[in-house]
Structures are given as C-alpha cells and as structure tokens.
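Undergrad: Input: one structure, supplied below.
The values are calculated or read from the model by the stated rules, or taken from the named source; none is laboratory data. As the structure is a computational prediction, the values presented were derived from the model and not from experiment. As a convention, Cβ positions derive from the backbone with ideal geometry for all residues, glycine included, and neighbour counts pool all protein chains shown.
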Amino acid sequence: MKKLFLLMFLTGLMVVGACSQAAGESSEDRSVVKIGYMPITHAVPLFMQERAIEGKEKNYEVELVRFSSWPDLMDALNTGRIDGASTLITVAMKANELGIDLRGIVLGHREGNVLMGANDLGDISELKGETFAIPHKISTHNVLLYLMLKEAGIDYEDVNTVEMSPAEMPAALSEGRIKGYVVAEPFGAQSVVMGTGKVLYQSDELWENSLDCALVLHGDFIDENRALAKDFIDGYITAANQAEKKDEHVHTVSSEYMQVDETVMEQSMEWISYDDLTIDEKAYDELRVYMQEMGLSDNPPTYQEFVDTTLRKEGGEGAE
C-alpha cells in the first residue's frame, strides 16, 4: 500500500508539472505568449516580433498559432485557447458585446485594404446584381463596400455579397465567379500583379484612418500577467517599427509566414503602413456608428469598454 501511495503521489506531481508547463511556461522557465494570426500582410509586426526579441533579455517567448479562417481564429480566442490574436477589430468588438472579455490594444496596420474589381467593370453602378466577395460579414471590409456603394448611390442590398476565404478571392475574380472583392493584403496585390483585376478604391479614399485588424488580448491574460503583457506589447511595437522599414529583411521574415511572390509582396507593402498603431478614439467611434447603421451590431462596446490603453509604456523602445 505504501508503494502504491508513493507511486500515485509521484504520478500526481508529474501531472501537475506537465499542466504547469502547458499553461504557459517554456522549458527555459520563460513564459509563452500564444498569439493567433492569419497569413496576411496585416500581421507582419507579429512575424517580426520573434526576430526583434532574439538575443535580448526577455521574460517571454512568442508562440504564433496559424489559422486559415477568421471563425476558427476567433473560436480559439473566445474560448481562451490562445492569449491573443491579430484579428479583425470588428469581430473582437462583437465578441466583447456578447460578454467575452477581449480588449483591443494596438492596431495591426494602417490602410492596406483595397476594393478590387474585374477588368471589364466600367462604373461602380455596374455592380448592381453582381456578386462581390468579403472575408467576413462583421468586418471593416464589409463597411468599406457599404461606403463605396453608398457614394455611388447604390443600395447595399442591390449587390450580392458573399463571404469567401481571402486566398480564394483572386482566383474567383479571374474565373468570373465574382465581380469584385475587398480583403486584407496581399490578396488585392495578387490580382493587380497577375493583371486579372483592377483597384476600384483604396480604403483611405472612402474612409480616412479606417480601423481594420488589431492586436487583441484576452482580459484574463492581461489581469493575471500585467507585467508580461506590457513587455509583450513593448516588443510588438518595436517590431512594428522594424516592419515599417519594408526592407529586404522584413520581406525575408514575412515570406516565412506567407508564400507570396516577391513582386506581390512589394506591391502589398506599398499600400500598407505600420507606423503609429494607436487605436484612435474618433476613428473607433466612427466604426461603431457604421456597425450600427449596417445592422452588424446592436450595441458595440464604447472605446473605454474595449480599448485598453494601460499596456503602452511611457518612453522606452515601445513608445511612439
């Protein structure tokens, strides 16, 4: 009986140790921050962050978890399987509205959303009755489509909008299955480089300072690891500053996460910016209005309810 008890006790210790490591400790006793992402240009600061902290005294490691769709990524974030994500700010706001404690910290990028059309599309009015692809109903991309149609005097309902995987959109346009699409980069640049589509609008032509992807963290992670969260955000902003250089090093690192032709990458980077990733309150309030106007959200969280400004360090490498 004594031997059996000792065996059970030792087994228990092993299980506790294993659980402790799975909860976020690396083999080197450094905390692991698990962040979800999609393989898009809007997540380049995350790609750069792993390199930005190499060789530095850091108390954490970043484990990037790749997803192929926004619903899968948000399911992992909402259920706490990852600590945070570079995701559509709109779906994170919707989750917050539904009672899930997600908090927006900084943006993933600025601009870099293009509305693409078929080469034979003349005027925007020709989109009536046609199919236009968006990555997610609750997205800034959908809002941009709404604003483009509104400017052209077209009712949103006059166009057949369909949700489609971003990677599928360039092929769908070239094959004539859709008349246009709006999505994150580099998928707009792909159609331009291949010559199978043309730019109808850049996002800033319809809505200056529009908000799209943001780095979102789970409230529990922030509350239980505040110092760690601050260090992580500090490293993220340092990486964003490196990403803004858009040099050969940035292209090389990004290519490890996205299988993109170099010409496509260059075109994509030309449209996007990674400087000043602060979530602007005025732009956020505009987004809330559009979400309500389109019926995407009944009561989106206010800026104070959703955006956490306490993790930004004053001074130091993470300040802007």
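Undergrad: Starting from residues that are surrounded by 15 or more Cβ atoms within 10 Å (Cβ to Cβ) and at pLDDT 95 or above, keep the ones in region 172-185 and report whichever is nearest to the chain's Cα centre (by Cα).
TA: The extreme case among them is 182.
Undergrad: Another question about this same structure. If you take the residues of region 246-270 that are β-branched (Val, Ile, Thr) and surrounded by 13 or more Cβ atoms within 10 Å (Cβ to Cβ), which of them is modelled with the lowest pLDDT?
TA: Among them, the one singled out is 260.
Undergrad: How many residues does region 251-303 hold that are small (Gly, Ala, Ser) and in a helix (DSSP H, G or I)?
TA: 4
Undergrad: Residue 220 versus (1) under 13 Å from residue 110 (Cβ atoms); (2) out of contact with any helix residue (DSSP H, G or I) (no Cβ under 9 Å at 6 or more places or on another chain): which is the lone unmet condition?
TA: (1)
Undergrad: OK, next. Filter region 132-159 for residues that are within 16 Å of residue 176 (Cα to Cα) and either free of Cβ contacts under 8 Å to residues at least 24 places away in the same chain or within 25 Å of the chain's Cα centre (by Cα) (or both) and give the result.
TA: 132, 133, 134
Undergrad: Further question: Only residues that are in contact with a Ser or Thr (Cβ under 8 Å, 6 or more places away or on another chain) and either at positive phi or not in a strand (DSSP E or B) (or both): list them for region 84-117, please.
TA: Hits for region 84-117 are 89, 90, 91, 93, 94, 97, 108, 109, 111, 112, 113.
Undergrad: Which ones in region 186-214 are out of contact with any Leu (no Cβ under 7 Å at 6 or more places or on another chain), surrounded by fewer than 22 Cβ atoms within 10 Å (Cβ to Cβ) and assigned to a helix (DSSP H, G or I)?
TA: 192, 193, 194, 204, 205 - these are the residues of region 186-214 that are out of contact with any Leu (no Cβ under 7 Å at 6 or more places or on another chain), surrounded by fewer than 22 Cβ atoms within 10 Å (Cβ to Cβ) and assigned to a helix (DSSP H, G or I).
Undergrad: Yes or no: residue 276 at positive phi and among the acidic types (Asp, Glu)?
TA: Yes, satisfied.
Undergrad: Might you check whether a residue that is surrounded by 15 or more Cβ atoms within 10 Å (Cβ to Cβ), closer than 15 Å to residue 139 by Cβ and assigned by TED's automatic domain parsing to the domain that holds residue 106 occurs anywhere in region 297-308?
TA: Scanning region 297-308, I find at least one residue that is surrounded by 15 or more Cβ atoms within 10 Å (Cβ to Cβ), closer than 15 Å to residue 139 by Cβ and assigned by TED's automatic domain parsing to the domain that holds residue 106, so the answer is yes.
Undergrad: Scan region 69-79 residue by residue and report those that are in a loop (DSSP other than H, G, I, E, B) and either hydrophobic (A, V, I, L, M, F, W, C) or closer than 14 Å to residue 35 by Cα (or both).
TA: Result: 79, single match.
Undergrad: Quick one: how many residues across region 80-104 are under 20 Å from residue 32 (Cα atoms), crowded, with 24+ Cβ neighbours inside 10 Å and either of a type in the set (Val, Ile, Thr) or within 11 Å of the chain's Cα centre (by Cα) (or both)?
TA: Final tally of qualifying residues: 4.
Undergrad: Tell me whether region 150-163 contains one or more residues that are among the basic types (Lys, Arg) and either assigned by TED's automatic domain parsing to the domain that holds residue 269 or surrounded by 15 or more Cβ atoms within 10 Å (Cβ to Cβ) (or both).
TA: No.
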